[in-house]
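Engineer: Sharing a structure here in structure tokens format.
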Amino acid sequence: MKALEWHQFLRAQKERYGKTLFRVAELANVAGRDPHALNVELSRLVRNGVMVRYSTGVYGPPEGVTPEDLVPVLDDDAYITGMYALNKHNLITQTPTEITCFTRRRHNRSRTRITPLGRVVFVSVSGRVHSKPKKGILASPEQALCDFVYLLRRQGMDPVGAVTFRNLNRLSDTRLNACLKRYPSTIRTAIRSLTPRVI
């Protein structure tokens with residue numbers, strides 16, 4: 001396939017199905033080529049800016065791909081939370097330097113992935129704490145706050161002063177208190193120091 005055909009394919013997949021990322025086997029099927037033979041063509045397409053290699057064996061267009069698209073491809077058990085989610089929900093003023101994901105899987109050597117979208121860090125947590133959202137993979141504001149504080153406490157840090165919080169008055173008391181049932185009591189105490197909305 002020529003570069004223009006690949007460009008048209010990527011655009012059509014995004015418009016019709018909302019799909020932005022593809023594994024080599026999928027692309028080989030589209031091109032009617034052997035996956036190993038396709039690697040040379042993919043290198044050329046990446047060099048010419050038609051595609052971007054987002055992870056080992058994962059390619060997509062140079063624009064329109066988000067961490068929310070990439071994380072499920074890297075780990076379908078993971079969800080995005082912590083500082084990245086807090087920033088997306090406009091609850092902190094700082095811009096995160098990494099995308100934190102909670103998962104029940106152990107990534108061992110590949111716990112941190114450097115991607116074109118930023119550094120993705122997979123944190124293995126217990127099944128009690130892990131709570132993948134029913135829709136999408138971005139934690140709710142209340143859950144992101146609980147996960148962020150849980151992670152800081154796990155690292156021996158105090159959440160007070162770690163970031164500048166804002167708009168905490170927008171959190172749902174009901175959802176926040178429901179989330180906290182999954183965490184140790186120390187997390188409830190720590191969050192109470194940030195917002196009086198905790199019972």
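No lab work stands behind these numbers, since they all come straight from the coordinates. Just so it is clear, the model here is predicted, and its values are computed rather than measured. Every residue, glycine among them, receives a Cβ derived from its backbone with ideal geometry; neighbour counts consider all protein chains shown.
Engineer: Can you give the charge dipole size of region 69-192 about its Cα centre, rounded to the nearest 20 debye, using +1 on the beta carbon of Lys and Arg and -1 on the beta carbon of Asp and Glu?
Structural biologist: In total the dipole reaches around 320 debye.
Engineer: Turning to a different aspect of this structure: Could you derive backbone 3J(HN,Hα) for region 48-61 from the dihedral phi with the Karplus parameters 6.51, -1.76 and 1.60 (θ = phi - 60°), listing whole Hz in sequence and x where the residue is Gly or Pro?
Structural biologist: Once rounded to whole Hz, the list reads 8, x, 7, 10, 10, 8, 7, 6, 4, x, 10, 10, x, x.
Engineer: Around Phe102, which amide H atoms from residues at least 5 apart in sequence, or from another chain, sit under 5 Å from its own amide H, with H modelled in the peptide plane?
Structural biologist: Result for Phe102 returns Tyr79, Thr81, Val123.
Engineer: Using DSSP, restrict attention to beta bridges with both residues in region 69-192 and report what percent are antiparallel, rounded to the nearest 5.
Structural biologist: Taking every DSSP beta bridge within region 69-192, about 50 percent pair in antiparallel fashion.
Engineer: For region 25-80 and region 100-153, what is the centre-to-centre distance using only Cα atoms, to the nearest Å?
Structural biologist: Cα centroid of region 25-80 versus Cα centroid of region 100-153: 23 Å apart.
Engineer: Using the Cα centre of region 2-86 as the reference point, and only Cβ charges (+1 on K/R, -1 on D/E), how large is the resulting charge dipole? Debye, rounded to the nearest 20.
Structural biologist: Its charge dipole is roughly 420 debye.
Engineer: Just tell me which lysines come within less than 21 Å, Cα to Cα, of Lys2; anything on the same chain fewer than 8 places away is out.
Structural biologist: Correct list for Lys2: Lys14, Lys19.
Engineer: If you don't mind, there's one more thing I want to ask. In sequence order, what are the phi-derived ³J(HN,Hα) couplings for region 4-12 according to the Karplus relation 6.51 cos²θ - 1.76 cosθ + 1.60 with θ = phi - 60°, rounded to whole Hz, with x for glycine and proline?
Structural biologist: Once θ is set to phi - 60°, the couplings for region 4-12 become 5, 5, 5, 4, 5, 4, 4, 5, 5 Hz.
Engineer: Want the number for Met1 to Thr56: 0.36 nm per residue separation, take away the alpha-carbon distance, what's left?
Structural biologist: Stretched out fully, the Met1 to Thr56 stretch lengthens by 17.6 nm.
Engineer: Go ahead and run the numbers for FRET between Thr66 and Ser124, Cβ-Cβ distance against an R0 of 25 Å, rounding to 0.05.
Structural biologist: The pair Thr66/Ser124 has a calculated efficiency of 0.60.
Engineer: Here is a follow-up. Among the trypsin sites (Lys or Arg not before Pro) within region 118-192, which fall in a DSSP loop and have no more than 12 other Cβ atoms within 10 Å of their own Cβ?
Structural biologist: Hits after loop and neighbour filter: Arg128, Lys134, Lys135, Arg166, Lys181.
Engineer: Could you derive backbone 3J(HN,Hα) for region 92-106 from the dihedral phi with the Karplus parameters 6.51, -1.76 and 1.60 (θ = phi - 60°), listing whole Hz in sequence and x where the residue is Gly or Pro?
Structural biologist: My calculation for region 92-106 gives 9, 8, 6, 8, x, 9, 8, 9, 8, 10, 8, 8, 8, 8, 9 Hz in order.
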